[in-house]
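Structure first, then comments.
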Amino acid sequence: MSVVAQISDLHFQGDAAHRRRIAAVVDYLRNRCGGAASIDALVVSGDLADGGLDEQYREAVETVVTDIPTLTLLGNHDDRAAYRRVSRPDDSADPYAPVNSALELDGLLVLALDSSIPGQNDGAISPETLAWASRRIEQAGDTPTLVAFHHPPAAVGMPFMDTIAQQDPSALAAFVHEHPQIVGLACGHIHSASAGTFAGVPLVTAPGVSSTLNLPFEGDDVINEEQPAGLAFHLIDDRRLTTHFRSVVL
């Protein structure tokens, strides 16, 4: 069995309250590393910074520190060039190109795809990114694959967030159908734990670390102030994805 932890929507912005929530989640992960049953990978699924500023990414680099192999992808609040300057100073790629990455474990391929569109709140996964992901899957052969990105490709029942989800996801659906190795899709963006399906595979969104957003029947406020930070654990066993959610109370 492979275990992939996911944290999302950290929104570093320099204030102590946000940092305490994030640090508590990171400590929760650190305290569960090592031993026979451990966490194989960590996905940070976007909105790492609140304003896409260099100092916010420096704060993230100082705070999100574990021994877990980590993939970080970007969301609508992030800035590709600033992220690369701080987190990938040796990256020779175009500073404004999508930030994609892959991690091949023993028996699992994890792909982190950039669904952000610079200057926009909604998202899309470019044809170039999907072509790169296809090559990585093909190189890994029959290895089960978990694909992560920030923006959900399907409605989640949150009216405002559904207006800033992925633009036309038909190419993503075709990509999923082309690759039966894909066991599930893991997203962030909506600051709420949810489970559904897309293109015939599980679609899971992680809870927000910085905050939780209300469903329409939970109140008129956008943010649900009563909810603690959360994270997800994805268990992949024999091409079967099971996801568990945890809350971290300060």
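The values are calculated or read from the model by the stated rules, or taken from the named source; none is laboratory data. Source: prediction; values computed, not measured. Backbone-built Cβ (ideal geometry, glycine too); neighbour counts: all protein chains shown. When the accessible area is computed, the model is the full protein with side chains, heavy atoms only, and any ligands, DNA or RNA have been set aside. Shrake-Rupley method; radii C 1.70, N 1.55, O 1.52, S 1.80 Å.
Tabulated values for the structure
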| quantity | calculated |
| --- | --- |
| Filtered residues of the range 64-80 (kept if more than 30 Å from ASP142 (Cβ to Cβ) and surrounded by fewer than 15 Cβ atoms within 10 Å (Cβ to Cβ)) | VAL65 |
| Candidate set from the range 1-18 (those that are at pLDDT 95 or above and on the phi > 0 side of the Ramachandran plot); member that is surrounded by the most Cβ atoms within 10 Å (Cβ to Cβ) | ASP9 |
| Residue that is most open to solvent (accessible area, probe 1.4 Å), among those in the range 19-55 that are in contact (Cβ under 8 Å) with a residue 40 or more places away in the chain, over 18 Å from the mean Cα position of the chain (by Cα) and under 25 Å from ALA81 (Cα atoms) | GLU55 |
| Residues satisfying the stated conditions in the range 222-250, i.e. in contact with a helix residue (DSSP H, G or I) (Cβ under 7 Å, 6 or more places away or on another chain) and hydrophobic (A, V, I, L, M, F, W, C) | ALA229, LEU231, VAL248, LEU250 |
| Hits in the range 68-114 (condition: in contact (Cβ under 8 Å) with a residue 60 or more places away in the chain and under 24 Å from VAL25 (Cβ atoms)) | ILE68, LEU71, LEU73, LEU74, GLY75, ASN76, HIS77, LEU103, LEU105, LEU108, VAL110, ALA112 |
| All positions within the range 193-231 that are of a type in the set (Ser, Thr, Tyr) and surrounded by 17 or more Cβ atoms within 10 Å (Cβ to Cβ) | SER194, THR205, SER210, SER211, THR212 |
| Residue list for the range 180-192, restricted to those being surrounded by 21 or more Cβ atoms within 10 Å (Cβ to Cβ) and touching a residue at least 40 places away in the same chain (Cβ under 8 Å) | ILE182, VAL183, GLY184, ALA186, CYS187, GLY188, HIS189, HIS191 |
| Subset of the range 232-250 (residues that are among the β-branched types (Val, Ile, Thr) and open to solvent by less than 100 Å² (accessible area, probe 1.4 Å)) | ILE236, THR242, THR243, VAL248 |
| Residue that is farthest from VAL110 (Cα to Cα), among those in the range 131-179 that are among the polar types (S, T, N, Q) and either in contact (Cβ under 8 Å) with a residue 12 or more places away in the chain or touching an Asp or Glu at 6+ places or on another chain (Cβ under 8 Å) (or both) | THR163 |
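A quick yes/no check of all residues on (1) surrounded by fewer than 22 Cβ atoms within 10 Å (Cβ to Cβ); (2) within 18 Å of the chain's Cα centre (by Cα):
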position	(1), (2)
ALA82	yes, no
SER87	yes, yes
ASP94	yes, no
SER115	no, yes
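Residue-wise test of (1) touching a Lys or Arg at 6+ places or on another chain (Cβ under 9 Å); (2) farther than 30 Å from ASP220 by Cβ.
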| position | (1), (2) |
| --- | --- |
| VAL86 | yes, yes |
| LEU109 | yes, yes |
| SER116 | yes, no |
| ALA124 | no, yes |
| ALA133 | no, yes |
| LEU146 | no, yes |
| ILE164 | no, no |
